[in-house]
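Trainee: Shown below is the structure under consideration.
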Amino acid sequence: MRNLLVTGGAGFIGSNFVRFMLERHPDYRIVVLDKLTYAGNLDNLKDVEERFGDRYAFVRGDICDAKVVEEAIHKHDVDTIVNFAAETHVDRSITEPDAFIRTDVYGTYVLLEAARKFGLERYHQVSTDEVYGDIPEGYRSKEDDPLRPRSPYSASKAGAEHLVHAYFTTHGVPITITRGSNNIGPYQYPEKVVPLFITNAIDDEPLPLYGDGMQKRDYQYVLDHCEGIETALLKGKPGEAYNLGTGVETPNIVMAKKILDLLGKPESLIRHVKDRPGHDRRYAMDVSKIEGLGWRSHHSFDEALEATVRWYLENEWWWRKIKGGAFKEYYRRQYAERLRGSGQA
Ligand code: NAD
Ligand code: DAU
């Protein structure tokens, strides 16, 4: 494993992964294939280009386009695909599901076909804890549990996973899968709750908290997630899926209050707004399988949140451009009516 094709590498986790792997493996080369949708951003990789020179290459392209995928594999002598490319925001999957089915399901199929055709050493699918669906209190999902996705986003990711398993069973493509929990950290697009709340709070704007705010998420630091993917790539068994999270859950309202506390802002900024349809109230995973490969989470929730708040405070150049652009219209559509009918915490 030396020449990696990282699809979706201009997004949040993908760009962190590219930097992480190039730092840790001086003999690796990485080619990023990314369509640069609204969520893809070359600013996320600016320093990578400067620091790693010809060990890094960028191709703008769609994973649904077999020709582009095959050309990238051939030209860069790729032996491994790590697939981050996806539509990723649950709220958008409710209002505009089309691109989710196309990229997350069909795009995965195109990559798997290429992995089969070129006889690649490894195909790794970056999946999510959301494929398990809403998890009852007291239980933690295990890798062999049935997939019960409940949003168009998680259904697309589960569909992709079924294809990945099928290519292992039917064609012997050496696949691995990681199912990650909610990531936080540098370069996360501010539609996701943590960067949305941090940047709104910095500007003294309201924090739109869905429903009662008692939904629980396992917020993990993005570099811990990247290290987990590295572990699955280097030590994982082909054909296997691995849960990847801290195993610690936090209610959204606690997360929101901690952000305000870190920024010295009042709790009156929290607004309870109309809930997300079909909202999964809890995700929780048993992560002992990946821990059995030697992986450990290095950041507690508090440490991850502090590092994330600090990064957004120090990198306004990055997020102000985004929030001042097309994001404004998205925010209006998603929140204007909700905020009109909202109540303070
Ligand atoms: P993101 O939305 O920040 O980035 C997605 C990237 O994929 C963007 O750069 C975008 O341009 C690219 N992309 C989208 N459609 C494409 C296409 N058709 N062809 C090529 N590129 C395309 O996403 P993220 O939060 O970094 O998530 C990355 C992966 O990790 C996704 O597969 C997601 O399902 C998974 N995941 C995310 C989280 C999380 O908390 N963010 C947790 C677990 C798993
Ligand atoms: O669990 C992993 C998943 O985490 C990834 O697979 C997804 O790609 C990623 O987007 C994320 O999904 P969530 O739906 O959990 O993330 P989001 O940041 O959208 O929401 C986190 C929680 O915060 C969720 O309970 C909904 C709530 N929320 C979200 C937004 C955007 C709010 O209360 N208000 C908001 O404005």
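Trainee: Go through segment 102-123 and report how many residues are in contact with a strand residue (DSSP E or B) (Cβ under 7 Å, 6 or more places away or on another chain), within 16 Å of HIS162 (Cβ to Cβ) and open to solvent by 10 Å² or more (accessible area, probe 1.4 Å).
Mentor: 0
Trainee: What number goes with the only condition from (1) touching a residue at least 12 places away in the same chain (Cβ under 8 Å); (2) surrounded by fewer than 22 Cβ atoms within 10 Å (Cβ to Cβ); (3) away from ligand 1 (no atom under 12 Å from the Cβ) that PRO186 does not pass?
Mentor: With respect to (1) touching a residue at least 12 places away in the same chain (Cβ under 8 Å); (2) surrounded by fewer than 22 Cβ atoms within 10 Å (Cβ to Cβ); (3) away from ligand 1 (no atom under 12 Å from the Cβ), PRO186 is out only on (3).
Trainee: Report, ordered by the first and then the second residue, all pairs with beta carbons closer than 7 Å, sequence separation of six or more or different chains, a first member in segment 86-99 that is open to solvent by 30 Å² or more (accessible area, probe 1.4 Å), and a second member that is away from ligand 1 (no atom under 11 Å from the Cβ) and among the polar types (S, T, N, Q).
Mentor: Taking only residues 6 or more apart or on different chains, the pairs are ILE94/SER151.
Trainee: Exactly one condition in (1) away from ligand 1 (no atom under 16 Å from the Cβ); (2) hydrophobic (A, V, I, L, M, F, W, C); (3) out of contact with any Gly (no Cβ under 7 Å at 6 or more places or on another chain) is not met by LEU233; state its number.
Mentor: (1)
Trainee: If you don't mind, there's one more thing I want to ask. If we keep just the residues of segment 124-178 that are of a type in the set (Lys, Arg) and within 12 Å of ligand 2 (Cβ to nearest atom), which is surrounded by the fewest Cβ atoms within 10 Å (Cβ to Cβ)?
Mentor: ARG150
Trainee: Right, another one. Out of LEU22, LEU42, I need the residue that is in contact (Cβ under 8 Å) with a residue 12 or more places away in the chain, surrounded by fewer than 23 Cβ atoms within 10 Å (Cβ to Cβ) and more than 24 Å from GLY325 (Cα to Cα). Which one? Don't jump to the end; show me each part of the working.
Mentor: On the way: LEU42 fails: more than 24 Å from GLY325 (Cα to Cα).
Exactly one of LEU22, LEU42 is in contact (Cβ under 8 Å) with a residue 12 or more places away in the chain, surrounded by fewer than 23 Cβ atoms within 10 Å (Cβ to Cβ) and more than 24 Å from GLY325 (Cα to Cα), namely LEU22.
Trainee: Considering only residues of segment 54-85 that are open to solvent by 10 Å² or more (accessible area, probe 1.4 Å), in contact with a Lys or Arg (Cβ under 8 Å, 6 or more places away or on another chain) and in contact (Cβ under 8 Å) with a residue 60 or more places away in the chain, which is nearest to ligand 2 (Cβ to nearest atom)?
Mentor: Selected residue: ALA85.
Trainee: On the given criteria, is LEU120 free of Cβ contacts under 8 Å to residues at least 24 places away in the same chain, over 16 Å from ALA85 (Cα atoms) and of a type in the set (A, V, I, L, M, F, W, C)?
Mentor: So LEU120 does not fit the description; no.
This table checks each residue for (1) modelled with pLDDT of 95 or more; (2) in contact with a Leu (Cβ under 6 Å, 6 or more places away or on another chain); (3) β-branched (Val, Ile, Thr).
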site	(1), (2), (3)
ALA72	yes, yes, no
VAL78	yes, yes, yes
PHE84	yes, no, no
ASP91	yes, no, no
ILE94	yes, no, yes
THR108	yes, yes, yes
LEU111	yes, no, no
PHE118	yes, no, no
SER141	yes, no, no
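Trainee: Could you list, ordered by first residue, the pairs with Cβ atoms under 7 Å in which the first is in segment 150-178 and assigned to a strand (DSSP E or B) and the second is within 15 Å of ligand 1 (Cβ to nearest atom) and among the polar types (S, T, N, Q), at least 6 apart or interchain?
Mentor: Correct list of pairs: ILE175/GLN125; ILE177/GLN125; ILE177/SER127; THR178/SER127.
Trainee: Next up: Among the residues of segment 262-282, which ones are of a type in the set (Lys, Arg) and open to solvent by less than 30 Å² (accessible area, probe 1.4 Å)? It would help to see each step written out before you state the result.
Mentor: In the first step, residues of segment 262-282 are kept if they are of a type in the set (Lys, Arg); the result is 265, 271, 274, 276, 281-282.
Listed by number, the list holds a single entry, ARG282.
Trainee: Further question: So, in segment 283-304, how many residues would count as being in a loop (DSSP other than H, G, I, E, B) and either loosely packed, with under 13 Cβ neighbours inside 10 Å or of a type outside the set (Phe, Trp, Tyr) (or both)?
Mentor: Keep residues of segment 283-304 that are in a loop (DSSP other than H, G, I, E, B), which gives 283-284, 286-287, 292-300.
From what is left, the residues that are either loosely packed, with under 13 Cβ neighbours inside 10 Å or of a type outside the set (Phe, Trp, Tyr) (or both) are 284, 286-287, 292-294, 296-300.
Residues flagged as in a loop (DSSP other than H, G, I, E, B) and either loosely packed, with under 13 Cβ neighbours inside 10 Å or of a type outside the set (Phe, Trp, Tyr) (or both) within segment 283-304 amount to 11.
Trainee: For segment 127-149, enumerate the residues that are among the small types (Gly, Ala, Ser), in a loop (DSSP other than H, G, I, E, B) and within 19 Å of the chain's Cα centre (by Cα).
Mentor: Within segment 127-149, GLY133 is the sole residue that qualifies.
Trainee: In a loop (DSSP other than H, G, I, E, B), more than 9 Å from ligand 2 (Cβ to nearest atom) and more than 19 Å from the chain's Cα centre (by Cα): is that true of ASP204 in this structure? Steps first, please.
Mentor: Values: in a loop (DSSP other than H, G, I, E, B): yes; more than 9 Å from ligand 2 (Cβ to nearest atom): yes; more than 19 Å from the chain's Cα centre (by Cα): yes.
Taking the combined requirement at face value, the residue satisfies it.
Trainee: In addition: Which one of these is open to solvent by 10 Å² or more (accessible area, probe 1.4 Å), more than 24 Å from LYS192 (Cα to Cα) and in contact (Cβ under 8 Å) with a residue 60 or more places away in the chain: ARG2, ARG29, ARG51?
Mentor: ARG2
Trainee: Have a look at TYR242, TYR210, TYR219 and point out the one that is more than 15 Å from ligand 1 (Cβ to nearest atom) and touching a helix residue (DSSP H, G or I) at 6+ places or on another chain (Cβ under 8 Å).
Mentor: Going through TYR242, TYR210, TYR219 in turn, just one is more than 15 Å from ligand 1 (Cβ to nearest atom) and touching a helix residue (DSSP H, G or I) at 6+ places or on another chain (Cβ under 8 Å): TYR210.
The values are calculated or read from the model by the stated rules, or taken from the named source; none is laboratory data. Worth saying up front: this structure is predicted, and the values here are computed from it rather than measured. Quick reminder, even Gly has a Cβ in these numbers, built from the backbone with ideal geometry, and neighbours come from all protein chains shown. Note: accessible area is taken over every heavy atom of the protein model, side chains too, but ligands, DNA and RNA are not part of it. Shrake-Rupley method; radii C 1.70, N 1.55, O 1.52, S 1.80 Å.
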